[in-house]
1. Would you kindly state how much longer the chain becomes between Val180 and Ala164 on full extension, computed as 0.36 nm times their sequence separation minus their alpha carbon distance, in nm to one decimal?
2. Taking amide H atoms as placed 1.01 Å from N in the peptide plane, list the residues 5 or more away in sequence, or in a different chain, whose amide H sits under 5 Å from that of Thr109.
3. Taking amide H positions as placed in the peptide plane 1.01 Å from N, state which residues far from Ser271 in sequence (5 or more) or on other chains have amide H under 5 Å from it.
4. Taking H placed 1.01 Å from N in the peptide plane, check which residues at least 5 places from Asn87 or on another chain put their amide H under 5 Å from its amide H.
5. Which of the GluC sites (Glu not before Pro) found in the stretch 167-268 are in a DSSP loop and have at most 16 neighbouring Cβ atoms, other than their own, within 10 Å?
6. Please arrange Val327, Val187 by how many other C-beta atoms lie within 10 Å of their C-beta, fewest to most.
7. First select every other residue whose beta carbon is under 14 angstrom from the beta carbon of Pro257; then total the charges, Lys and Arg +1, Asp and Glu -1.
8. In vacuum, with every alpha carbon of the stretch 145-269 counted as one equal point scatterer, what does the Debye formula give for log10 I(q)/I(0) at q = 0.14, 0.15 Å⁻¹? Two decimals, please.
Amino acid sequence: MPLQPPETAPPPTTAWPRRRLLRGALGGAALVAGMPAVHAATQAVPWPNRPVRLIVVYPPGGVSDATARALAQPLAQTLGVPVLVDNRAGAGGAVGIDLLARSAPDGHTLAFSAITPLTLQPLLVPGARDLLTQVMPIVGVMHTPVLVIGTPALGPRSFTDMIALARARPGAVRWASSGVATTGHMVLAQTRLHSGADITHVPYQGGGAQLNDALSGQFEVLSTNLAAQQLEYVAAGRLRALAVGSPARLAGLRDVPTLAELGYPRANLSSLFGLFAPAHTPPAVVQGLNEAVNRILGAGGLATSLRDKHVLPAGGTVAAFAQQIAVDRQGNETLVRRGGALLR
C-alpha cells in the first residue's frame, strides 16, 4: 500500500486559545481506534500551565533538529508558554522515544521524531523496545524524500532499465544505502520484493563516504535522503536521478518519477517526521496541538523553509498520521516475515 499524500486539515472554525483549560467533560474516547483510553483525572488539569518540553530524538544540527526548533517558536506563541527543545539522541531515535513514553501524559512533554523508531527498529534491532502503543501520534510535520541515484558505473539510463538488468544478471547491480534498517535500505528491500530482482545491498554507516564512492562508481545505485549536494551532482551530470520516494514529484526534479508511478508503491518511501505525545494524553490536547501545527504549516513560513531544503511539509489529521504509521509498520512486518535476502 503506497504512502498516501497527507490529508489537508480544514481550517478550524475558531482559533485554538492559549492555555485552554481541559475539563473532565471533554470525554475519554481516543481519537483513533486502538489508541489508549484517556484518564479522566488527567483531563481535569489545566493545560498548558508551564513550559512544554520538546524532545528532539536527534543531535543538534541537521534538517530534523532545525525543523523542530523552527516549529517550537510559533508553537510557543500559540500556546502562550515556552517550548523548550531538548536533544536526546541515541539508537536511531529510540532513546528519545523511550523517554517520551515514560513521561507524564499531561501535554507538557512532546517529541519530534521520524516514525522509524516505532515502525522499523523494533522489528530489526535486537533488544529494541516496541513503544508503538506507548506513544500517541499528533501530526506529521515533514517528509524527507529518498532519492534513488544511478552512478557512473550504471549503464541503464532509467529505473525500469536498471531493474531489467538486475533480473537478467542476478547480483550485477550493487545498491548502496546509509545502513541496515534505514529508509533507503527499506526502499531497496521493497524493490527486491516486488521486482523479484537479485540486487546486492552495500550498506554504509552514514552518508559521507557513500556519496564519494557513488561519484567514483564503486557501486551502481544509491538510495539516500535527498540533500542539496546530491542535486548539484545530478545537475552537473555526475549522477543520475532515477526515482524518488515521495508522496509527489519534487519541484526541483519534475522529470523524475516517484517509485509509485514506476509500479513500486510499497517502495515509495520517504522519511516521515512528526510530533508525538505519551499515551493517555487527553484527546483535546492532541487535537489542539494538531490544529496548531497545521495552522503553522499553513501560514507559509515554515513550509517555505522546508521546501527550500528539498523537504515536503506534511500536516493533516491525527487519524491520517496514525494511518501512515500503521501502513509503514505493516509493510516492514511483511519484509521481516519474508526475511532472508530481502533484508541483507
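Throughout, read-outs are computed from the coordinates displayed, never taken from laboratory work. Quick caveat: nothing in here was measured; it's all calculated off a predicted structure. Note: ideal-geometry Cβ built from the backbone for every residue, glycine included; neighbour counts use all protein chains shown.
1. Result: 3.3 nm gained on full extension.
2. Long-range HN contacts for Thr109: Arg53.
3. Thr144, Val146
4. When sequence neighbours closer than 5 places are left aside, the close amide H contacts are Val56.
5. For GluC sites (Glu not before Pro) across the stretch 167-268 that sit outside H, G, I, E and B with at most 16 neighbouring Cβ atoms in 10 Å, the list reads Glu261.
6. Val327, Val187
7. Within the 14 Å Cβ shell, the charges total +1.
8. -0.50, -0.58
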